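Trainee: Can you read through this structure? Questions will come right after.
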Amino acid sequence: MNGQLENSSFDFYLKTIPEIGYVTGLFHSIIVVDGLPGAHVNEIVIFKNGGIGQVFSLFPGKVEILILKSTQIAVGDMLVRTGKSLKINLSNDVLGKTIGPLGEDIEDAIVKSNKDSNITFEIDKKPLGILGRKPVDKFFETGVSLVDLIVPLGKGQRELIIGDRKTGKTEFLLQAATAHAKSGGIVVYSIIGQRQADILKRAQFFKDSGILAQSVVVASNAEDPPGLIFLTPYTACTVSEYFANSGFDVLLILDDMTSHARYYREISLLSRRFPGKDSYPGDIFYVQAKIIERAGNFDKGSITCLPVAESVAGDLSGYIQTNLMAMTDGHLYFDADLYNQGKRPSVNPLLSVTRVGHQTQSPLMRDISRVLSNFIVSYEKMKQYKHFGAEAGEIVKDVLDIGNKLDNFLNQSDYKLVPININILVVGAIWANLVDNVDFETIFDKYQNNLEYKKSVDKLISDSSTFDILIRSIKENTNIITKN
């Protein structure tokens, strides 16, 4: 529960702030109250029966309250102001926990003797301005070959994950979370209004993957009050900022922001605010941008944000989807057609964008990314050309042959992580025409378990400043890639 309110009561705040309100109307998650003349927006209020709410709107003579804690509230019930905004207590002991938007489990996790444990943090705050931010300049390794090679991410980047339901978005997010945690980072996974079974499944995954001690799940389920679900990403951002300010690189996953927008629309319509496009309130862009802008690369640490958006029938032009695209530094599009063809991950590199990821790559990686991006365009054209039964020349056959080999390599099973240097080595082998003698699994296992082999691969790559030099080096050292 909120650290400042946990041990306080209705009577305590009535004596502190002698203003009282009475419930005059109930509209699902919105309570209309007479009284409380000094109330301000986002102020926390306490009902006499123990309920908790937040001031949502102010009108002459009345106040609208957003319910945060489900209780039996009736017309005539009394409530008081607290003079405080919503805050939660945080310490490193929150790691490995699944907490709610009000930080319900944090109080039990905190060591009372730790002087830092009683520090409270506002969950709704303005994003940091230019001062205190740094350019995104460090590569973020997801362990997913297609993304790392062609649509790279940087630490502090905000990359939208968009696609239809059941297209592999969650599997990618969990792969990225595992890779980040195993590299020493912190993962904050925000689950917004999903089923309780899904929340338990995510927490179990972190436990089974051995990364629970470096993860925090901030979750609300579909049965929670809409106001509580609406606050979920705010709390996740606050937890992320706590660890970023402690010097950690944090991965923040917001799953998903289209659900968040729908709950905010429900709250706004119940409050009788004027509806805009698709009945969403006019400030929906501001509300969600304020969340996503809290990510970035800072003086002490970074917050890499992966907000999720659900599309319908592959339509990327939806109101909320385009809003989120405008807030972020690019997007990964998960294509339902590719997913149904068996591609894993089903990311469509031709429809995906990364605006700052390339600046975090080494010259070699940037060169490889450029070559692969251009090649994929040619490969898709050649496949269409071949599809119409045209007779293929040598050039077309070569492109199709390399494309098939590249497809086989980039088709990566769920939850398998491939180190970036293995990606570079195998792509170099494909272009050096040595892939027929390559056993991907053998190379992967040797790199993971043989320190001498790992050093030789890393040195070969570090000594290559361009893709052409890498290909030449692989041809001169075929023993590093061929079966032994």
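Trainee: For the stretch 230-235, what does the Karplus curve 6.51 cos²θ - 1.76 cosθ + 1.60, with θ = phi - 60°, yield as ³J(HN,Hα) per residue in whole Hz, taken in order and with x for Gly and Pro?
Mentor: 4, 7, 4, x, 5, 5
Trainee: Let me ask something else about it. Counting trypsin sites (Lys or Arg not before Pro) as exposed when in a DSSP loop with at most 13 other beta carbons within 10 Å, what is the longest stretch of the chain free of them? Don't skip to the answer; put the middle values down first.
Mentor: Values: sites that count: LYS112, ARG165, LYS166, ARG195, ARG272, LYS300, LYS416, LYS483.
Formally, the longest exposed-site-free interval is 301-415.
Trainee: Putting +1 on Lys and Arg Cβ atoms and -1 on Asp and Glu Cβ atoms, find which of SER465, GLY428, TYR447 reaches farthest to the positive end of the dipole of the stretch 364-480.
Mentor: SER465
Trainee: If you don't mind, another one. How big is the charge dipole of the stretch 10-84 about its Cα centre, in debye rounded to the nearest 20, if each Lys and Arg gets +1 on its Cβ and each Asp and Glu gets -1 on its Cβ?
Mentor: On the way: 6 positive and 6 negative charges, 28 e Å.
Dipole of the stretch 10-84, to the nearest 20 debye: 140 debye.
Trainee: For the stretch 355-484, calculate the relative contact order in percent as a whole number, restricting contacts to Cα pairs under 8 Å that are 6 or more residues apart. Walk me through the intermediate numbers first.
Mentor: Working: 85 pairs, mean separation 37.3, N = 130.
Contact order relative to length: 29 percent.
Trainee: Please list, ordered by chain and number, the residues whose modelled amide H lies under 5 Å from the amide H of LEU251; skip anything fewer than 5 residues away on the same chain.
Mentor: It is ILE186, VAL187, VAL188, THR304, by chain and number.
Trainee: Only Lys, Arg, Asp and Glu count, each charged at its Cβ (+1, +1, -1, -1), so figure out the dipole size of the stretch 293-349 about its Cα centre, rounded to 20 debye. Walk me through the numbers on the way to the answer.
Mentor: Details: 4 positive and 7 negative charges, 42 e Å.
Around 200 debye, computed over the stretch 293-349.
Trainee: For the stretch 297-440, calculate the relative contact order in percent as a whole number, restricting contacts to Cα pairs under 8 Å that are 6 or more residues apart.
Mentor: On the way: 82 pairs, mean separation 24.3, N = 144.
Relative contact order here is 17 percent.
Trainee: Could you give the C-alpha radius of gyration of the chain expressed as a fraction of 2.2 N^0.38 Å, taking N as the number of residues it contains? Can you show the working numbers first?
Mentor: Values: Rg = 25.8 Å, N = 484, 2.2 N^0.38 = 23.0 Å.
That works out to 1.12 for the chain.
Trainee: Another one. With each pseudo-label sitting 7 Å past Cα toward Cβ, what's the ASN449-HIS28 distance in nm, one decimal?
Mentor: Each label point is offset 7 Å from its Cα along the Cβ direction, giving 5.6 nm.
Trainee: Determine which aspartates and glutamates satisfy two conditions relative to LYS166: a Cα distance under 16 Å, and not lying fewer than 8 residues away in the same chain.
Mentor: The qualifying aspartates and glutamates are ASP198, ASP255, ASP256, GLU310, ASP315, ASP335, ASP337, ASP414.
Trainee: Find me the longest stretch of the chain that has none of the exposed chymotrypsin sites (Phe, Trp or Tyr not before Pro), where exposed means in a DSSP loop (not H, G, I, E or B) with at most 15 other Cβ atoms within 10 Å.
Mentor: On the way: sites that count: PHE388, TYR415.
The longest uninterrupted stretch comes out as 1-387.
Trainee: Also: Grab the other residues whose beta carbon is less than 9 angstrom from that of ASN421, score K and R as +1, D and E as -1, and report the net. Intermediate values should be presented prior to the final figure.
Mentor: On the way: positive: LYS454; negative: ASP458.
Net charge in that neighbourhood comes out at 0.
Trainee: Which cross-chain or sequence-distant (5 or more) residues have an amide H under 5 Å from the amide H of SER57, H modelled 1.01 Å from N in plane?
Mentor: Answer set, sorted by chain and number: GLU64.
Trainee: If amide hydrogens are placed 1.01 Å from N in the peptide plane, which non-local residues have theirs closer than 5 Å to the one on GLN157?
Mentor: CYS305
Trainee: With θ set to phi - 60° and the Karplus curve 6.51 cos²θ - 1.76 cosθ + 1.60, what are the ³J(HN,Hα) couplings of the stretch 147-152 in order, to the nearest whole Hz, using x for Gly and Pro?
Mentor: The phi angles translate into 5, 5, 8, 10, 10, x Hz.
Trainee: Mind listing the phi-derived Karplus ³J(HN,Hα) values for the stretch 195-203, rounded to whole Hz, using 6.51, -1.76 and 1.60 with θ = phi - 60°, and x for any glycine or proline?
Mentor: 5, 4, 5, 5, 5, 5, 5, 5, 4
Trainee: Could you give the length gained by full extension between LEU200 and ILE130, i.e. 0.36 nm per residue of separation minus their alpha carbon distance, to one decimal place? All intermediate terms of the calculation are to be shown ahead of the outcome.
Mentor: Numbers: separation 70, 0.36 × 70 = 25.20 nm, distance 3.81 nm.
Roughly 21.4 nm would be gained on extension.
Values quoted throughout were computed directly from the atomic coordinates according to the rules given, and no laboratory measurement underlies them. Everything numeric in this text was worked out from a predicted model, so none of it was measured. Using ideal geometry, Cβ is built from the backbone for each residue, glycine included, and neighbour counts are taken over all protein chains shown.
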